[in-house]
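The values are calculated or read from the model by the stated rules, or taken from the named source; none is laboratory data. As the structure is a prediction and not an experimental result, all values here were calculated from the model. Here the Cβ is made from the backbone with ideal geometry for all residues, glycine too, and neighbour counts use every protein chain on show.
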Amino acid sequence: MKEENVEFKIFFILLIYIYLMVGNILLQKIIRISEVTYNQIILVWGNLIFYFVLGILLTIPFFLSETKKEGNWMINYKCLLAFILPLFAVVFFVFLSHLIGPFLCTRTCY
């Protein structure tokens, strides 16, 4: 294994560890805010942003190894749609249920 590769892996592991520690502290504060204000949409957006950034951080090594390869890049649109559409549907309906759910409950639960 190359020495620069080992240094990069150690740096990357430390970066992920620090992100998880700081992200956990921030998510705990967001949970407290949402419990006090009863506004759950803050919690949904906080989790969404946290895991989105974590996903980007976890794909950095793969992306860097792919950029070193020679040749043309091709995007597999079928595979991309197969992953994105179910994810979008779940996130959209969860977001919609948090947005409309309290409104429906206050109007029908007397």
Anything in the stretch 57-70 that is touching a helix residue (DSSP H, G or I) at 6+ places or on another chain (Cβ under 9 Å) and closer than 25 Å to L26 by Cα? List them, or say none. L57, L58, I60
Residue pairs within 7 Å by beta carbon, gap of at least six or interchain, first lying in the stretch 20-46 and within 22 Å of V91 (Cβ to Cβ), second among the small types (G, A, S) and modelled with pLDDT under 85, listed first then second, are L27/G46; I30/G46; Q40/S34; I42/S34; L43/S34
Could you please tell me which pairs satisfy a Cβ distance under 8 Å, a separation of 6+ or placement on different chains, a first residue in the stretch 72-92 that is closer than 17 Å to F52 by Cβ, and a second residue that is among the hydrophobic types (A, V, I, L, M, F, W, C)? V91/L48
